[in-house]
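Here the structure is laid out as structure tokens; the discussion comes afterwards.
The values are calculated or read from the model by the stated rules, or taken from the named source; none is laboratory data. Given the structure is predicted, the values throughout are model-derived calculations rather than measurements. Glycine gets a Cβ as well: all are built from the backbone with ideal geometry, and neighbour counts include every protein chain shown. Only protein heavy atoms, including side chains, enter the accessible area calculation; ligands, DNA and RNA are left aside. Shrake-Rupley method; radii C 1.70, N 1.55, O 1.52, S 1.80 Å.
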Amino acid sequence: MRNSRALAAVVAAGALVGFAAPSAAAWAEPSNIVAMPSVIARGGQLTVTVDGSSCSTPGSYVESPAFPRTNLHHIQGGTTASATVKVNHNAHPGAYDITANCGGKPLTRPAAFTVIHGGVRGGIGGSTTSGATRTDMAIGGALVAAAAVGGGVFWMRRRSESKA
């Protein structure tokens with residue numbers, strides 16, 4: 001009876017170690033890649049953050065077809081590393097993958113960020129690099145002219161009231 005209890009204890013301990021080993025190995029490998037902002041114009045700066053304790057080791061890096069290979073730097077207080085990269089000016093608009101290589105273990109996040117042509121469109125109006133159109137100029141000119149005429153009429157009426 002004693003031998004069967006000892007055997008059961010050894011099997012349980014072996015199972016516990018066996019189940020814990022893959023999770024410990026997974027903890028050390030890169031586990032998540034985040035790119036901020038997720039939509040960026042060509043030539044903009046992108047911050048890439050990678051989770052995993054092995055990403056803090058020297059020689060860990062991130063790369064993408066849209067930016068050059070850049071070394072990761074450890075963020076204090078955790079198992080996270082980050083890099084600030086500059087998107088190439090000649091990057092074509094579209095979605096790009098990011099590959100992190102931490103301690104010789106690669107992880108790729110497909111479509112991690114999107115490159116657009118020009119500025120980011122932020123709702124009504126937004127910003128673009130194309131500038132004002134002829135219609136925009138005509139509307140703006142008409143508003144300035146209307147303001148000048150309205151101001152002139154107001155000034156003339158006040159002037160005639162003060163003489164009377």
Filtering region 71-86 for residues that are open to solvent by 60 Å² or more (accessible area, probe 1.4 Å) and either touching a Lys or Arg at 6+ places or on another chain (Cβ under 8 Å) or of a type outside the set (Gly, Ala, Ser) (or both) leaves a count of 7
The number of residues in region 106-118 that are at pLDDT 90 or above and touching a Ser or Thr at 6+ places or on another chain (Cβ under 9 Å) is 7
For region 49-105 the number of residues that are in a loop (DSSP other than H, G, I, E, B), in contact with a Ser or Thr (Cβ under 6 Å, 6 or more places away or on another chain) and over 16 Å from Val34 (Cβ atoms) is 1
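Residues in region 29-70 that are among the hydrophobic types (A, V, I, L, M, F, W, C) and open to solvent by 40 Å² or more (accessible area, probe 1.4 Å): how many? Don't jump to the end; show me each part of the working.
As a first pass, look at region 29-70 and keep what is among the hydrophobic types (A, V, I, L, M, F, W, C): 33-36, 39-41, 46, 48, 50, 55, 62, 66-67.
Filter once more, so that each one left must be open to solvent by 40 Å² or more (accessible area, probe 1.4 Å): 34, 36, 39.
Total satisfying the criteria: 3.
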Only one of Ala132, Ala95 is open to solvent by less than 100 Å² (accessible area, probe 1.4 Å) and either of a type in the set (Ser, Thr, Tyr) or modelled with pLDDT of 85 or more (or both), namely Ala95
